[in-house]
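Here is the structure we will look at, set down as structure tokens.
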Amino acid sequence: MSREQASQTLEGDIKLEPKRSWGEAARAFLHPRVVAIFVLGISAGIPLLLIFGTLSVWLREAGVARSTVTFFSWAVLGYSFKFVWAPVIDTLPIPGLTRKLGRRRAWLLVSQLAVIGAMLWMAASDPQQSLVMTALAAVMLGFSSATQDITLDAYRIEAVEADLQAMMSSAYIAGYRIGMLLAGAGALKLAALFGSTAEVYSHRAWALAYGCMALSMLVGVITTLLIREPEVSARRSESRRRPSDYLRFVSLFIAAAAIFVLGFVGSSDFAAEAKTYLETHLGLVVTLAGFLVESARLLLSLALAAVLAWLLVKIRWVPEGMVRESYVEPITDFMTRFGRNGFLILLLIGTYRISDLVMGAVANVFYIDHGYTKDQIADIAKTFGLFMTIAGGFLGGMLSVRYGLIRTLFLGAMMASATNLLFALLATMDNDPWMLVAVITADNLSMGLAAAAFIAYLSSLTNIRFTATQYALFSSLMTLLPKIVGGYTGSMVDAVGYPIFFVGTALLGVPVLFLVVWVGRIEDSSTRTEEAGGS
């Protein structure tokens, strides 16, 4: 079945592919492109923890204040806004490289080289000497890594026929987890091996560890050079575009991004005054005042960028059709299919992972503050935790098939919230590695279960005509609010302590349970309507 036929099948009558034998399914994992996406998944999984969990340990050892450490979780906001430049990657050719390697491989190679450059930049910067340079390098790593993810999602979808997509997804996720293991447990062990400890900080040790991570990215670069470009034809609309159209299209993105940055940076003084006013005149706590002001600051900057983009389209600096195809149609398609219920679904997407992601922003700092060594963190929280997450993912997949997606979503959300209470219990106890093993077992099993069910749910919402852009939008929205809140977790812990903080993150998940039930009722109602119409 060709991809075009598959699209017609999915957009018309739904026809299930015939089931394969276990032997055929096992052999499918040896398909060259399935093997390739497994390796590319490793290169995609490496950068994330280097700007999140692993970096927080480095900063804490360097003596950076806990409240400042958790602000670095905003460096991964590039993942949350990747839908903004996903259409740019899908449209813009790279001079010289695109003609030689193809559209997907060219962008993949550029993003991987940018990831390596950002890692080396981070290795060269010492947060004790220049925290700003470390922050800038982390932002660059987040942006280039998110670009690699966008390109890999598009390659994964286009590289094989529909009947191999499940194998591609499984291989990609497995490779991604291995990459996270390398960047988590691997980088921590390397830093310890090279001589950095909580008592004696060594920038050289961390520089060598991040240098090794940059070297490990070469496995992705080599794979990119060896694989073939997907055989899917370019969009018919792209063949009618002039080079100047592409330049103007990317200039629109650059101008909007520049206005966003200027608006956000330029409003810093006003934001500080607004926080002081809310704290002194309205009596708001520091954390709540900061969250409200920074959220308003972010929304204002986004509004300025949107207004500029709208003006450039109105004066015909960019072809309106190009913008409509890239940005407008994927969103209008979703809202047309789901109507008013679409807003409720988007609210669920934006909050489903809030409980575990907000807790995760401070988890590594908690381990250090509670007296666990880097080896214990690497062995228990990272290595052992990885296998528990994978096991939870398999469990979530089986439960989704056996009991349905909504029920499994509810179970995952409930478990993700409940296991945060175990961290509250752990925070009241003395350093106990075996108790940490028990907590990590429960937490990572629930995390894997919830993630597997949620990814399946996001996939069910996607229209095959807009797979790359819509999936980027959903996955970005999934992490946006939790990452914004995560930047304030250090201040929250300073204000209330770890036990109360972990209880609070558990309570954050309670409204999500009601949203899952609500969305489930909408799905049941839609199913009954369709069945009634069919009869």
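Applying a threshold of 6 Å to beta carbon distances and a minimum spacing of six or more residues, or different chains, the list of pairs starting in segment 211-222 at a residue that is in a helix (DSSP H, G or I) and ending at one that is hydroxyl-bearing (Ser, Thr, Tyr) reads GLY220/SER43. In segment 129-156, the residues that are in the same structural domain as LEU59 (by TED's automatic domain parsing) reach residues that are outside any helix (DSSP H, G or I) and polar (S, T, N, Q) with C-beta atoms within less than 6 angstrom, at least six apart or across chains, in these pairs: MET133/SER125; THR134/SER125; ALA137/SER125.
Taking GLY53, is it at pLDDT below 80, under 19 Å from CYS212 (Cβ atoms), in contact with a helix residue (DSSP H, G or I) (Cβ under 7 Å, 6 or more places away or on another chain) and not β-branched (Val, Ile, Thr)? Considered against the rule, which asks whether it is at pLDDT below 80, under 19 Å from CYS212 (Cβ atoms), in contact with a helix residue (DSSP H, G or I) (Cβ under 7 Å, 6 or more places away or on another chain) and not β-branched (Val, Ile, Thr), GLY53 comes out as yes. Is at least one residue of segment 96-106 modelled with pLDDT under 75, surrounded by fewer than 24 Cβ atoms within 10 Å (Cβ to Cβ) and either under 15 Å from ASP149 (Cα atoms) or in contact with a strand residue (DSSP E or B) (Cβ under 7 Å, 6 or more places away or on another chain) (or both)? So far as segment 96-106 goes, no, none of its residues is modelled with pLDDT under 75, surrounded by fewer than 24 Cβ atoms within 10 Å (Cβ to Cβ) and either under 15 Å from ASP149 (Cα atoms) or in contact with a strand residue (DSSP E or B) (Cβ under 7 Å, 6 or more places away or on another chain) (or both). Only one entry of SER196, SER111 meets the criterion of being surrounded by 22 or more Cβ atoms within 10 Å (Cβ to Cβ), within 26 Å of LEU458 (Cα to Cα), touching a residue at least 40 places away in the same chain (Cβ under 8 Å) and in contact with a helix residue (DSSP H, G or I) (Cβ under 9 Å, 6 or more places away or on another chain), and that entry is SER111.
Of the listed requirements (1) crowded, with 19+ Cβ neighbours inside 10 Å; (2) over 30 Å from PHE423 (Cβ atoms); (3) modelled with pLDDT under 85; (4) under 23 Å from the mean Cα position of the chain (by Cα), PHE334 misses just one: (3). Taking the conditions exactly as written (assigned by TED's automatic domain parsing to the domain that holds THR479, small (Gly, Ala, Ser), touching a Ser or Thr at 6+ places or on another chain (Cβ under 8 Å) and assigned to a helix (DSSP H, G or I)), does GLY342 satisfy them or not? In short, no. May I ask you to verify whether LEU120 is over 18 Å from ILE46 (Cα atoms) and either crowded, with 19+ Cβ neighbours inside 10 Å or in the same structural domain as TYR155 (by TED's automatic domain parsing) (or both)? So LEU120 does not fit the description; no. When the residues of segment 430-472 are filtered to those that are of a type in the set (Val, Ile, Thr) and modelled with pLDDT of 80 or more, which remaining residue is surrounded by the most Cβ atoms within 10 Å (Cβ to Cβ)? Among them, the one singled out is ILE440. Only residues that are at pLDDT 85 or above, surrounded by fewer than 12 Cβ atoms within 10 Å (Cβ to Cβ) and assigned to a helix (DSSP H, G or I) were counted in segment 311-331, giving 2. The combined condition, being buried (at least 19 other Cβ atoms within 10 Å of the Cβ), hydrophobic (A, V, I, L, M, F, W, C) and over 29 Å from ARG297 (Cβ atoms), is not fulfilled by MET492.
The values are calculated or read from the model by the stated rules, or taken from the named source; none is laboratory data. A quick note: this is a predicted structure, and the numbers were derived from the prediction, not measured. Virtual Cβ from ideal backbone geometry, glycine too; neighbours counted across all protein chains shown.
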